[in-house]
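**Student:** Take a look at this one; I'll ask things after.
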Amino acid sequence: MKVAIIGLGFMGGMHAQIYTALPGVDLVAVADLNVEGTKTKVAEMGLSAQVFPDLKTLLSSVDVDIVDLCVPTDLHAELAISAAEAGKHLFIEKPLSLTIANCEAIQKAITEAGVFAQVGQCIRFWPEYVALKEFIDSGKGGALKSLSLRRCASRPTYSHEDWLNNEARSGGAASDLHVHDTDFIVHLLGLPKSVFSQATRGRSGIDHIFTSYQYGDLAVHAEGGWDYPEHYGFTMAFEAVFENASVSFSSASGTPPSLTLNDDETIEMAVVQPGPKESTTGEGNISSLGGYFNELEYFTNCVKANKAPEIATIEQATASIRVLLAELESTQTGTPQEL
């Protein structure tokens with residue numbers, strides 16, 4: 001199976017490492033506007049991929065099965081549609097797009113081309129979050145009473161031409177960072193009845209957002225922001241409280257989620273970490289490849305089996321964007337937004 005990555009930056013470098021570790025998968029080409037810098041990076045990573053200046057040139061020069069888009073969000077729709085029309089299966093980094101119209105246009109192109117696609121909502125595949133979902137689904141803790149998620153980081157400084165801090169291109173921290181937790185909540189619980197959000201704004205638009213999701217008697221809250229000082233780094237965390245148990249996790253602790261049962265016995269939950277376990281280039285928010293490896297292994301296995309992905313689909317990602325856009329509207333109006 002031949003793969004091409006479009007954009008060998010922060011996330012493209014992460015994906016490149018994973019493809020080289022997947023059996024039966026060959027990273028044969030990369031497209032990036034910075035051709036010379038990309039050639040240097042390809043050599044330093046020990047890759048044999050050819051380098052091209054853009055997707056069009058790549059597709060006219062080399063045959064590939066999968067196109068992996070790791071480009072700025074505002075370019076997703078145009079490039080995804082072009083790749084689908086060329087008959088290529090697609091892996092698209094999150095967020096899928098900043099508008100529902102673009103999401104639907106991508107879905108239409110993929111459907112008409114008869115190709116498979118998946119979106120990089122990696123938290124659906126992240127081992128600790130998978131363990132939480134499995135515990136919820138098991139019913140062992142009784143009914144879920146409350147869920148709180150947190151994803152906070154230093155301001156990103158690594159993107160090409162600082163596009164992540166350009167609200168028109170990235171959507172800011174809400175669309176690029178917090179979207180992970182919005183998507184995971186939808187993955188766990190479906191669409192909320194409504195959302196109410198408050199946010200602080202900075203040079204990348206929304207820098208920090210706080211959202212309450214209405215699911216009847218179940219209390220659900222998520223916080224996401226990248227307005228912390230440089231030394232802060234990155235932390236993702238969750239706390240889930242059940243009738244008879246609680247589950248807590250924080251990436252800052254470096255340990256698996258802890259499960260506290262109703263008799264106050266605290267144990268570490270079993271979490272299966274995929275391999276390879278470490279980023280070798282320093283890319284990725286935390287050292288473990290975690291869900292990044294799992295999502296690409298899942299997608300390439302789906303393509304090998306000629307089976308459409310059922311997790312992190314275009315349709316599911318569009319639903320999450322719909323919720324996120326309601327959150328953004330709530331920050332503007334100061335009122336809850338129904339879905």
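**Student:** Kindly provide the set of residues from region 103-145 that are part of a helix (DSSP H, G or I), closer than 19 Å to A252 by Cβ and of a type in the set (A, V, I, L, M, F, W, C), ordered by number. Step through it out loud before you land on a result.
**Tutor:** Within region 103-145, the subset part of a helix (DSSP H, G or I) is 103-113, 122-125, 127-138.
Next cut, closer than 19 Å to A252 by Cβ only: 122-123, 127-129, 131-132.
Residues satisfying the conditions are C122, I123, A131, L132.
**Student:** I'd like to know if region 50-69 contains one or more residues that are surrounded by 22 or more Cβ atoms within 10 Å (Cβ to Cβ), closer than 18 Å to C122 by Cα and not hydrophobic (A, V, I, L, M, F, W, C).
**Tutor:** Looking through region 50-69, at least one residue is surrounded by 22 or more Cβ atoms within 10 Å (Cβ to Cβ), closer than 18 Å to C122 by Cα and not hydrophobic (A, V, I, L, M, F, W, C).
One line per residue, one yes/no per condition, for (1) in the same structural domain as G24 (by TED's automatic domain parsing); (2) at pLDDT 95 or above; (3) touching a Leu at 6+ places or on another chain (Cβ under 7 Å):
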| site | (1), (2), (3) |
| --- | --- |
| G291 | no, no, no |
| E295 | no, yes, no |
| C302 | no, yes, no |
| K307 | no, yes, no |
| T318 | no, yes, yes |
| L324 | no, yes, no |
| E327 | no, yes, no |
| T331 | no, yes, no |
| G334 | no, yes, no |
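**Student:** Pairs under 8 Å by beta carbon, first residue touching a residue at least 24 places away in the same chain (Cβ under 8 Å) in region 60-89, partner buried (at least 19 other Cβ atoms within 10 Å of the Cβ) and among the basic types (K, R), six or more apart or different chains?
**Tutor:** V64/K88; D65/K88; I66/K88; V67/K88; P72/R169; T73/R169; D74/R169
**Student:** For region 296-339, name all the residues that are free of Cβ contacts under 8 Å to residues at least 12 places away in the same chain, under 16 Å from the mean Cα position of the chain (by Cα) and closer than 22 Å to A222 by Cβ.
**Tutor:** Scanning region 296-339 gives no hits.
**Student:** Please state which one of G254, G225, G233 is without any contact (Cβ under 8 Å) to a residue 24 or more places away in the chain and not acidic (D, E).
**Tutor:** On the way: G225 fails: without any contact (Cβ under 8 Å) to a residue 24 or more places away in the chain; G233 fails: without any contact (Cβ under 8 Å) to a residue 24 or more places away in the chain.
Matching residue, one of G254, G225, G233: G254.
**Student:** Kindly indicate whether any position in region 155-171 is in contact with a strand residue (DSSP E or B) (Cβ under 7 Å, 6 or more places away or on another chain) and within 29 Å of V241 (Cβ to Cβ).
**Tutor:** no
**Student:** Oh, and also: Which condition number in (1) in a strand (DSSP E or B); (2) in contact with a helix residue (DSSP H, G or I) (Cβ under 8 Å, 6 or more places away or on another chain) is the one that A77 fails?
**Tutor:** (1)
**Student:** Among the listed residues A77, A101, A86, which satisfies the condition of being within 17 Å of the chain's Cα centre (by Cα) and either modelled with pLDDT under 95 or surrounded by fewer than 23 Cβ atoms within 10 Å (Cβ to Cβ) (or both)? Show your work before the answer.
**Tutor:** Details: A101 fails: within 17 Å of the chain's Cα centre (by Cα); A86 fails: within 17 Å of the chain's Cα centre (by Cα).
Only one candidate qualifies: A77.
**Student:** Can you pull out the residues in region 146-171 that are within 21 Å of M14 (Cβ to Cβ), in a helix (DSSP H, G or I) and of a type in the set (G, A, S)? Quick ask: steps written out before the conclusion?
**Tutor:** Of the residues in region 146-171, the ones within 21 Å of M14 (Cβ to Cβ) are 151-165, 169-171.
Retained after the next criterion (residues that are in a helix (DSSP H, G or I)): 160-165, 169-170.
Of everything in region 146-171, just one residue is within 21 Å of M14 (Cβ to Cβ), in a helix (DSSP H, G or I) and of a type in the set (G, A, S), namely S170.
**Student:** Test of understanding: among S212, S175, which residue is assigned to a strand (DSSP E or B) and touching a residue at least 12 places away in the same chain (Cβ under 8 Å)? Steps first, answer last, please.
**Tutor:** Values: S175 fails: assigned to a strand (DSSP E or B).
So the residue among S212, S175 that is assigned to a strand (DSSP E or B) and touching a residue at least 12 places away in the same chain (Cβ under 8 Å) is S212.
**Student:** Could you give every pair whose Cβ atoms fall below 9 Å, whose first residue belongs to region 31-45 and is within 14 Å of L55 (Cα to Cα), and whose second residue is surrounded by fewer than 16 Cβ atoms within 10 Å (Cβ to Cβ) and acidic (D, E), counting only separations of at least 6 or pairs across chains?
**Tutor:** Hits for this filter: A31/D54; D32/D54; L33/D54.
The values are calculated or read from the model by the stated rules, or taken from the named source; none is laboratory data. The structure displayed is predicted, hence computed values, not measured ones. Note that each Cβ is placed from the backbone with ideal geometry, even for glycine, and that neighbours are counted across all protein chains shown.
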